[in-house]
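Just so you know, all these numbers are worked out from the coordinates, no wet-lab data involved. All values derive from a computational prediction rather than experimental measurement. All Cβ positions, even for glycine, are placed from backbone atoms using ideal geometry, and neighbour counts span all protein chains on display.
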Amino acid sequence: MIPETKTTLFYTCVNTRFWGFGMIYPLFVLLTNPNSLVEIGVENGMRFKRKYKPVIEFYERRFPGRVRFTGVRFERWGLLGKEKIVPNTVRFVTQPTLKADYLYIGDADIFVTEEITSQHLANIAKYNLDFSNVVRTGKRRLTGLHFIEYDKMYPLPSLRGLNIRKKNDEEVLYEMMDRKGYKMPPAEAQFRPAHGLHISMYSSAPFEFVEGPDKVVDFPAWFMSVNSKHNMGHQNMAADVDKYFDLRKRPEFVEFVSGLVRKEDADMRRILQVTDACAYYYKNVILPQQGA
């Protein structure tokens, strides 16, 4: 296990569309990773803080000094004026204001259900890596879930000549690590679990459609099969669903949900209610049908 004196900063960025996920994400991290800090970079930071003021106060009260929400730009000034950055890239080309021994850059819509630091340190040691991630087969791309020593990530390398307006975020990350001179993980280094439930509200349906061609093993979905090419950690989704429901019973979680009573909190209630319903359906309908 990670020594008590070591800390990991979980960092991600959310545009306006993902604000609700940005408010929920820290709770899962803090309940499962005792030595963690969380920073969320948010688009339109002042408006975000006005909207979610009571929830931000919950984090300050329950987890003092461990959560920070900071405004970040989802555009930059270029030769042609103000230019949009690919939203998924923002987390890689901005630096958080909090600091820790280690850094984990992830997705706000992954509800973390387990401790991650010891797993990634073991992966780094096993392959003598500079960071824990996976190179996409046949491509100059890393994945969007990235674990690294904080001081190895920052300061960021020069982004000159890197088209962050159009280039895929995973390509940008690969190029940044290459410019740092770091060793890329070899083909046999395939450790990259999601560490929880990926609530892909805007990109994929939770389950396959019986009437259509969709197959869970063919695209990233909420409840991937163990053998899915996207299930890089060979996660047992049934176990992760059990972990999810266990976390939902924690006093901190109950207090969090009980406070979501304003109309401004509807997005967070909706996300959690949909997740509850889909997780329950998976556990009590899909798994029995599969004989699990």
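Things to note:
- Note on the chain: Cα-Cα pairs beyond 31 Å make up 28% of the total pair count.
- The packing ranking of peptides 176-183, 259-266, highest mean first, is 176-183, 259-266, where packing means the average number of other beta carbon atoms within 10 angstrom of each residue.
- All aspartates and glutamates inside 15 Å of LYS6 as judged from Cα atoms, apart from same-chain residues fewer than 8 positions distant: ASP101, GLU115, GLU149, ASP151
- Dimensions (Å) - the stretch 117-210, Cα atoms, principal axes, largest first: 47, 35, 25
- Pairwise Lys count, the stretch 8-179 - Cα closer than 25 Å, eight or more residues apart or different chains: 17
- For LYS283, a cut-off of 27 angstrom between C-alpha atoms picks up these lysines, skipping any fewer than 8 places away in its own chain: LYS215, LYS229, LYS243, LYS249.
- Stokes-Einstein diffusion for the stretch 8-179 at 25 °C, viscosity 0.890 mPa s, with a Kirkwood radius from C-alpha pairs, works out to 147 µm²/s.
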